[in-house]
Amino acid sequence: MNSISVRALLVRGMLAGLVAGALALLVAYFLGESRVDAAIALEETHSHDHGGGEELVSRTMQSTAGLATGVLVFGVAIGGIAALVFCYALGRMGRFGPRATAALIAGAALLTVYIVPFLKYPANPPAVGNPDTIGKRTTLFFLMVALSVLLAVAAVIIGKRLAPRLGAWNATITAAAGYVLLIGLAYAFLPSFNEVGKDFPAALLWQFRLATLAVQFTLWTTFGLVFGYLTERLLVPRVGAVTAGNGTANRAAAAAG
């Protein structure tokens, strides 16, 4: 794949990430922000400090411009990264075309980058969690992301090397089982945190966590669909264009004959 194609795919990946970020923003605003507001209200109700200083950034700004900036920038960034992964993966994952490759990359990213770490360290709304442990919790979450991605890459490499001896199906099952086993060991040995207060509503907690899952699912699903469409238009010649080109070539050959 030449530099022009890589550049074109990178631009399309960032554009697809922007579209995906816009849809994820709508989901975050309509599903997540109401839960955040409810958690903040609960936190203020139980707080004994009613004389806090003035907010540097208002809640309205956080839930509108701040949220939009964060989600859209994240969408563009992951779109560019996924496009570069696509450039490497296309043709190396079996007989998958551009759309199927884009869908596989998006699905794998959703699983390894978010769902697997989420199951160990789920997202918490305001009023949940000890402020003294936020640094440690953040570090462990990103460590889980790194482990998940690296183990997934290793599983793909091992699966491809085992395929000639075991067959594609058995090699895939073996590599996937190894990934699940090692992730399970990480779940078992990495520290866990149970900092949800007894008076925090369980329904609100799970509504918030499901909303975060919905945002990520929307982001990656939209990216996979949009990027797959754009890459196929770029890389796969349209039937009409090929037919027209063949017809022109035939007429030219007939005239020359």
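The values are calculated or read from the model by the stated rules, or taken from the named source; none is laboratory data. Only a predicted model underlies this, so the values are computations on that prediction, with no experimental measurement involved. Methodologically, a virtual Cβ is constructed for each residue, glycine included, from the backbone with ideal geometry; neighbour enumeration extends over all protein chains shown. Accessible surface is based on the protein model in full, side chains and every heavy atom, while ligands, DNA and RNA are left aside. Shrake-Rupley method; radii C 1.70, N 1.55, O 1.52, S 1.80 Å.
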Leading residue by the ranking (surrounded by the most Cβ atoms within 10 Å (Cβ to Cβ)) among those in region 69-97 that are assigned to a loop (DSSP other than H, G, I, E, B) and modelled with pLDDT of 75 or more
L90
Does any residue in region 194-208 that is closer than 13 Å to P126 by Cβ come within less than 6 Å, Cβ to Cβ, of a residue that is part of a helix (DSSP H, G or I) six or more places away or on a different chain, and which pairs are these?
L204/A38; F208/R35
Residue hits (region 20-35; surrounded by fewer than 18 Cβ atoms within 10 Å (Cβ to Cβ) and within 17 Å of I78 (Cα to Cα)) are A22
Qualifying positions in region 56-68 - among the hydroxyl-bearing types (S, T, Y) and either closer than 22 Å to A109 by Cβ or surrounded by 13 or more Cβ atoms within 10 Å (Cβ to Cβ) (or both):
S63, T64
Anything in region 218-238 that is assigned to a helix (DSSP H, G or I) and either open to solvent by 60 Å² or more (accessible area, probe 1.4 Å) or of a type in the set (A, V, I, L, M) (or both)? List them, or say none.
L219, L225, V226, Y229, L230, E232, R233, L234, L235
Test of understanding: among L162, L150, which residue is free of Cβ contacts under 8 Å to residues at least 40 places away in the same chain and open to solvent by 50 Å² or more (accessible area, probe 1.4 Å)?
L150
